[in-house]
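Data first, discussion second: the structure below is written as structure tokens.
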């Protein structure tokens with residue numbers, strides 16, 4: 001595999017969970033996303049891949065799954081998730097790059113990717129990696145930041161914003177933070193082996209003044225109603241999609257799990273301290289129960 005991949009946005013050392021979610025005044029957004037997930041998630045499953053799990057904010061919402069792999073590029077975010085959720089057979093913590101997933105093909109029967117695509121410089125490459133890790137027919141829930149939202153349209157029409165919310169290309173508003181056009185995301189999903197099933201528009205009322213004036217429960221109730229128009233139009237700042245993996249590939253062999261992200265060999269040798277690839281001799285540490293597949297310095 002190539003050693004060159006697109007740049008990665010790392011939350012290493014960040015207090016994102018505390019500053020953005022716990023104390024950032026985003027209870028409405030969190031609850032609105034919980035509604036969307038309840039609507040889209042399969043009732044049950046065997047093994048779910050949570051891409052960009054962070055500190056495990058959404059992980060407790062995947063109650064119908066027997067096992068969950070929490071994947072994030074940041075080791076410290078996964079340590080926070082581990083402190084929140086604990087160590088058990090049900091949770092597998094993996095630090096890795098979404099562009100080079102360390103899993104055998106056809107392993108997972110579901111995956112989620114919430115608030116992650118907006119950090120992807122190469123969205124199709126990331127989605128291609130996700131598809132390879134999924135079984136045929138697996139459910140994939142993807143959330144993306146929508147450039148064609150009402151606020152962006154208003155700002156463009158009043159000449160307070162240079163970029164067009166109607167053009168197909170993604171816009172990088174700050175380094176490694178991108179908004180996407182819904183039609184482009186639908187194209188990316190189709191090109192990488194996914195069949196779109198449903199779209200939900202989320203966080204319609206993401207306005208500071210409105211959130212301060214209106215009760216959170218009311219805003220969440222209204223958002224839950226508005227979400228169901230998502231297949232008709234996408235004008236909210238956040239869009240959730242449910243897709244199914246196409247028929248390509250097959251389920252992973254019994255007992256197969258990790259593969260080397262450097263050479264793609266699947267027969268890694270595990271000790272309590274590390275996984276070692278017998279083909280390319282790469283050593284991937286296990287740090288306090290967290291598998292670390294990031295490039296070693």
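General remarks:
- FRET efficiency for residue 186 and residue 15, using Cβ-Cβ distance with R0 set to 35 Å, rounded to 0.05: 0.50
- With R₀ set to 35 Å, the beta-carbon distance separating residue 173 from residue 280 gives a calculated FRET efficiency near 0.35.
- Ranked for footprinting exposure by Cβ neighbours inside 10 Å, fewest first, 265, 119 give 265, 119.
- Sorting the segments 194-200, 229-235, 101-107 by their mean number of nearby beta carbons within 10 angstrom, highest to lowest, gives 101-107, 194-200, 229-235.
- Entry note, segment 31-138: relative contact order of 27 percent, from Cα contacts under 8 Å with a spacing of 6+ residues.
- Its DSSP H runs of at least 4 residues, each contributing -39,500 (n - 2.57), put the calculated 222 nm mean residue ellipticity of the chain at -7000 deg cm²/dmol, to the nearest 500.
- Taking the DSSP beta bridges with both ends in the chain, the antiparallel portion is around 50 percent.
- Rounded tilt (10° steps) of 216-227 against the dominant C-alpha axis of the chain: 80
- Radius, Kirkwood style, for segment 121-183 when every pair of distinct Cα atoms is counted (Å): 13.4
- Taking all Cα-Cα distances within segment 89-129, those exceeding 15 Å account for 50%.
- Each residue, residue 270 and residue 157, gets one label point 7 Å from its Cα in the Cβ direction; the gap between the two is 5.6 nm.
- Share of alpha-carbon pairs per 10 Å distance bin for segment 16-254, given as whole %: 7, 31, 38, 19, 4, 0
- Axis angle, to the nearest 10 degrees, between helix 182-191 and the longest C-alpha principal axis of the chain: 30 degrees.
- Shape call, segment 11-110: gyration tensor on alpha carbons, a/c limit 1.5: oblate
- Angle between the chain longest axis and helix 75-85 axis [Cα atoms, degrees, rounded to 10]: 80
- Rounded D (µm²/s) - segment 135-262, Kirkwood Rh over Cα pairs, Stokes-Einstein at 20 °C, 1.002 mPa s: 127
- Each semi-axis of the equivalent ellipsoid for segment 52-159 is √(5λ) with λ an eigenvalue of the Cα gyration tensor; in descending order they amount to 28, 18, 13 Å.
- For segment 264-282 versus segment 93-128, the inter-centroid distance based on Cα atoms is 21 Å.
- For the residues 130, 35, 239, a GNM of the chain with alpha-carbon springs under 10 Å puts the largest fluctuation on 35.
- Rounded to the nearest 0.05, the FRET efficiency derived from the C-beta distance between residue 31 and residue 87 at R0 = 30 Å is 0.60.
- Across segment 1-64, the fraction of Cα-Cα pairs farther apart than 18 Å, rounded to a whole number, is 52%.
Since every read-out is calculated from the coordinates, none of them should be taken as a lab result. The shown structure was predicted, so the numbers you read here are calculated from the model rather than taken from an experiment. Methodologically, a virtual Cβ is constructed for each residue, glycine included, from the backbone with ideal geometry; neighbour enumeration extends over all protein chains shown.
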